[in-house]
Amino acid sequence: MHTPAAHLSRLHACFFSARRYRGLIAAFAFVAVSLGVVPARPDGSADPHGLTPIRAYISTGWDTLTRSMNECSTVVDPKFAAASVMYLPADFHEPAALTALQNQCKFEVKHLPRVIHHPGEVDADSLNPPGLLYLENKYVVPGGRFNEMYGWDSYFIIRGLVRDGRIDLARGMVENFFFEIEHYGNVLNANRSYYLSRSQPPFLTSMILSVYDSQKTAGHEDKNWLARAYAFAVRDHDMWTQEPHLAGSTGLSRYFDRGNGPSPESVKDETGHYRDVAAFFLQHPELDDHYLVRKPPGQTSPLTFGAQYSVRVCDSGHDASPKIAQAAGEHADCETAEEIALSANFYKGDRSMRESGYDISFRFGSYGADTQNYAPVCLNSLLYKTEKDLQRMSEMLGKAEEAHKWARLADERKANIDKYLWNEKAGMFFDYDFVKQQQSTYAYVTVFYPLWVGLATPDQAKGVMKNLSTFEQPGGLVMSPHETGGQWDFPYAWAPNQLISDEGMRRYGFNEDADRVSYKFLSTVAENFRRDGTIREKYNAVTRSSETAVTAGYHINIVGFGWTNGAFLNLLYELPKPMAERLAKEQDSAPPVAAKVVSPSAN
């Protein structure tokens, strides 16, 4: 097991940022008060009574978490103290409703400086102040503190909306992604100006087909809409299969943020994060692969971005902070030995990690510093699924030649995944460092992606399942067995990976394992709902609680929560009826006391 990276011992050399930032973080909670109508299970029977409150919370939550650019509560930005700004595409006429709303809500509308045809054509850092990017349709946000629509969150939200019969809202969200591709260059991390430099994991075809299939089942098949969606999906695929998203000569793809320097959302929401990273690499020089830039005091370096930090040498027993010493009436017996900063290359890795959605994990090196050097299992599995989805869409639209092309591309990607990402001896898929030309050994729950998309062979699936115990805990599947302090590592369980893993296991016939693991997660969510009446973005899989002790980066466990709601509905739908009834009966008992924290070494 890894030693927790964020639990840093105190040094006599202390670090002080030359600039300080204050995050503006709003707390949010809501309680469902209407029980509503509970949709029927696939066997035609009604949901057990004991699950009615949590189902009602989710049903009500879709409306509570819905945002619209025609409402003051959306356009007035809660994340910034300054006057709010909304950006429109350069060639997009300002809607009359938005003009009228400006006077009512007191925000400013600006147009982007140029028409965007391809990703990266507008420097996101040049847009000051930052603001929301306009979208035409309503959308569901992850949690209460958010006003923006996120990329990969939306797939799991859409799965929940479709399961709850909210197809029109789900379709509107997919069409918002078409709007992003048309006017902002690609599917965005989220519709904020500082996200113009990056995307998020490619779930667009999965969203399109989820909506299309649901419409068809409801008797409203729309081939014209599918044809329009197909054209945008091709453009999304093209973005991931061209530079700068190519993983060297592997024939695979990578995550890559076109921006430079500190990630704006980290500066705003993760107070002290980059200082902690600098301290970590100073304490662990064996892991510092040119992530730190060191220089004499007062000098500048073209290799650095962001904050500068002072390394001070002090007499034992004295605090290195001049302010603390002055307040105590003491002389700070310290000298500045050097100044350090994080390198441009570190920030590129940090930003690219955030495009992956798994921020923060140590999966791509410490603090994700080498993300841009990896061909990831998750991304390339999703692109394989995208190619298979485009093949299916081509066939439905009568485009036989294009269907053959997509089938060939999917086969080529599968061959490269087998070559670079599969480890026969370990029975695992691992990310591949194409710069060092070596496979990672970092076990990660994304090993189930190849099962979910159907590219694993039966023998590969058996190998993966032999490693299930690496991830399985009392509350579901942990992200990794490595405790790093990051929220996307041990001991945390996240809903999207529970759903992908569950459906991947079922695809290959491992239904008993899927039932057991999904029940653990469902019961954890339900148990915590009984305690506090909320659903959260993540859970501690060891203690089966929503209590988190994240020390690397973003610390909050947000209430809402869009993708947890969506995953819960779908995991429950796939659970055998006797297990669903057992889960319901548990909800009528008193909520248990939270379990005691257990370290990973004790498992």
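The values are calculated or read from the model by the stated rules, or taken from the named source; none is laboratory data. All values reported here derive from a predicted model rather than from experimental measurement. When we count neighbours, we look across all protein chains shown, and the Cβ atoms used for this are built from the backbone with ideal geometry, even at glycine. Areas reflect the complete protein model, heavy atoms only, side chains present, ligands, DNA and RNA absent. Shrake-Rupley method; radii C 1.70, N 1.55, O 1.52, S 1.80 Å.
Out of everything in the range 156-170 that is crowded, with 23+ Cβ neighbours inside 10 Å and without any contact (Cβ under 8 Å) to a residue 60 or more places away in the chain, what residue ends up being farthest from the chain's Cα centre (by Cα)?
Residue satisfying both the conditions and the ranking: V162.
Go through G61, G36, G44, G120 for me and flag whichever is modelled with pLDDT under 90 and within 24 Å of the chain's Cα centre (by Cα).
On the way: G61 fails: modelled with pLDDT under 90; G36 fails: within 24 Å of the chain's Cα centre (by Cα); G44 fails: within 24 Å of the chain's Cα centre (by Cα).
Of the residues listed, the single one that is modelled with pLDDT under 90 and within 24 Å of the chain's Cα centre (by Cα) is G120.
Examine the range 584-591 for a residue that is open to solvent by less than 40 Å² (accessible area, probe 1.4 Å), of a type outside the set (S, T, Y), within 30 Å of A279 (Cα to Cα) and in a loop (DSSP other than H, G, I, E, B), and state whether such a residue exists.
So in the range 584-591, the residues open to solvent by less than 40 Å² (accessible area, probe 1.4 Å) come out as 584, 587.
Applying the additional criterion that residues be of a type outside the set (S, T, Y) yields 584, 587.
So of that shortlist, the ones also within 30 Å of A279 (Cα to Cα) come out as none.
There is no residue in the range 584-591 that is open to solvent by less than 40 Å² (accessible area, probe 1.4 Å), of a type outside the set (S, T, Y), within 30 Å of A279 (Cα to Cα) and in a loop (DSSP other than H, G, I, E, B).
Which one is least open to solvent (accessible area, probe 1.4 Å), of the residues in the range 321-346 that are modelled with pLDDT under 60 and of a type in the set (G, A, S)?
Among those that are modelled with pLDDT under 60 and of a type in the set (G, A, S), it is A325.
Residues being of a type in the set (S, T, N, Q) and either within 18 Å of the chain's Cα centre (by Cα) or in a loop (DSSP other than H, G, I, E, B) (or both): count how many of those fall in the range 526-546. Steps first, please.
Within the range 526-546, the subset of a type in the set (S, T, N, Q) is 528, 534, 540, 543, 545-546.
Within this subset, residues satisfying the condition of being either within 18 Å of the chain's Cα centre (by Cα) or in a loop (DSSP other than H, G, I, E, B) (or both) are 534, 540, 543, 546.
Counting residues in the range 526-546 that are of a type in the set (S, T, N, Q) and either within 18 Å of the chain's Cα centre (by Cα) or in a loop (DSSP other than H, G, I, E, B) (or both) gives 4.
When R354 is evaluated against the numbered criteria (1) surrounded by 22 or more Cβ atoms within 10 Å (Cβ to Cβ); (2) of a type outside the set (S, T, Y); (3) at pLDDT below 95, which criterion, by number, is the only one it fails?
The number of the failed condition is (3).
Given the condition open to solvent by less than 10 Å² (accessible area, probe 1.4 Å) and either without any contact (Cβ under 8 Å) to a residue 24 or more places away in the chain or more than 28 Å from P129 (Cα to Cα) (or both), answer yes or no: does some residue in the range 210-220 qualify?
yes
Would you confirm, using the coordinates I've provided, whether S193 is more than 23 Å from D91 (Cα to Cα) and touching a residue at least 12 places away in the same chain (Cβ under 8 Å)? Steps first, please.
Working: more than 23 Å from D91 (Cα to Cα): no; touching a residue at least 12 places away in the same chain (Cβ under 8 Å): yes.
Judged against the criteria, S193 is not a match.
Restricting the range 123-143 to residues that are at pLDDT below 95 and not in a loop (DSSP other than H, G, I, E, B), which is farthest from V187 (Cα to Cα)?
Going through the qualifying residues, I end up with S126.
This table checks each residue for (1) open to solvent by 20 Å² or more (accessible area, probe 1.4 Å); (2) over 18 Å from T548 (Cβ atoms); (3) not acidic (D, E).
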| position | (1), (2), (3) |
| --- | --- |
| G427 | no, yes, yes |
| Q439 | yes, yes, yes |
| V464 | no, yes, yes |
| W494 | no, no, yes |
| I500 | no, yes, yes |
| E503 | yes, yes, no |
| D532 | yes, no, no |
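Suppose we filter F146, F232 for residues that are in a loop (DSSP other than H, G, I, E, B), open to solvent by 10 Å² or more (accessible area, probe 1.4 Å) and either aromatic (F, W, Y) or under 22 Å from V559 (Cβ atoms) (or both); which single one remains? Step through it out loud before you land on a result.
Values: F232 fails: in a loop (DSSP other than H, G, I, E, B).
Unique residue meeting the criteria: F146.
Would you check which residues across the range 464-480 are in contact with an Asp or Glu (Cβ under 7 Å, 6 or more places away or on another chain), aliphatic (A, V, I, L, M) and either farther than 14 Å from Q498 by Cβ or part of a strand (DSSP E or B) (or both) and list them?
M465
With of a type in the set (S, T, Y), crowded, with 16+ Cβ neighbours inside 10 Å and at pLDDT below 75 as the only criterion, which of S17, S9 stands out? Outline the logic, then answer.
Details: S9 fails: crowded, with 16+ Cβ neighbours inside 10 Å.
On inspection, the qualifying residue turns out to be S17.
Could you figure out which of (1) over 25 Å from G485 (Cβ atoms); (2) surrounded by fewer than 16 Cβ atoms within 10 Å (Cβ to Cβ) isn't true of W240?
(2)
Quick one: in the range 547-583, which of the residues that are among the acidic types (D, E) and not in a loop (DSSP other than H, G, I, E, B) is modelled with the highest pLDDT?
From the range 547-583, those among the acidic types (D, E) are 547, 574, 581; that's our starting set.
From the residues that got through so far, the ones that are not in a loop (DSSP other than H, G, I, E, B) too are 574, 581.
Values: E574: 97, E581: 94.
Filtering first and then ranking leaves E574.
Would you mind stating whether G566 is in contact (Cβ under 8 Å) with a residue 12 or more places away in the chain and surrounded by fewer than 20 Cβ atoms within 10 Å (Cβ to Cβ)? Talk me through it step by step, then tell me what you get.
Details: in contact (Cβ under 8 Å) with a residue 12 or more places away in the chain: yes; surrounded by fewer than 20 Cβ atoms within 10 Å (Cβ to Cβ): no.
Answer is no for this residue.
Which pairs turn up if I take residues in the range 405-428 that are on the phi > 0 side of the Ramachandran plot and look for partners that are part of a helix (DSSP H, G or I) and open to solvent by less than 50 Å² (accessible area, probe 1.4 Å) with beta carbon separation below 6 Å, at least 6 apart in sequence or on another chain?
Close Cβ pairs (under 6 Å, with a partner that is part of a helix (DSSP H, G or I) and open to solvent by less than 50 Å² (accessible area, probe 1.4 Å)) amount to G427/G463.
Free of Cβ contacts under 8 Å to residues at least 60 places away in the same chain, open to solvent by less than 10 Å² (accessible area, probe 1.4 Å) and either among the small types (G, A, S) or within 30 Å of V277 (Cβ to Cβ) (or both): which single residue out of V445, V478 fits that description? Lay out the reasoning, then the answer.
Working: V478 fails: free of Cβ contacts under 8 Å to residues at least 60 places away in the same chain.
On inspection, the qualifying residue turns out to be V445.
What pairs come out if I take residues in the range 287-298 that are at negative phi and pair them with residues that are in a strand (DSSP E or B) and at pLDDT below 85 whose C-beta lies under 7 Å away, six or more apart or interchain?
V293/T304
Read through the list (1) touching a strand residue (DSSP E or B) at 6+ places or on another chain (Cβ under 9 Å); (2) in contact (Cβ under 8 Å) with a residue 40 or more places away in the chain; (3) of a type outside the set (S, T, N, Q), then give the number of the only condition that H245 fails.
So the condition that H245 fails would be (2).
Among the numbered criteria (1) of a type in the set (D, E, K, R); (2) in contact with a Ser or Thr (Cβ under 8 Å, 6 or more places away or on another chain); (3) in contact (Cβ under 8 Å) with a residue 40 or more places away in the chain, which single criterion is violated by E402?
Looking at each condition in turn, E402 falls short on (3).
Quick check on my filter: what residues within the range 128-143 are farther than 18 Å from I535 by Cβ and either touching a Leu at 6+ places or on another chain (Cβ under 9 Å) or open to solvent by less than 30 Å² (accessible area, probe 1.4 Å) (or both)?
Taking the range 128-143 and keeping what is farther than 18 Å from I535 by Cβ, we get 128-139.
Across the range 128-143, the qualifying residues are G131, L132, L133, Y134, L135, N137, K138, Y139.
Among the residues of the range 299-320, which ones are open to solvent by less than 70 Å² (accessible area, probe 1.4 Å), modelled with pLDDT under 75 and assigned to a loop (DSSP other than H, G, I, E, B)?
Taking the range 299-320 and keeping what is open to solvent by less than 70 Å² (accessible area, probe 1.4 Å), we get 301, 304, 306-312, 314, 318-320.
Now drop any that are not modelled with pLDDT under 75, which leaves 301, 304, 318-320.
Across the range 299-320, the qualifying residues are S301, H318, D319, A320.
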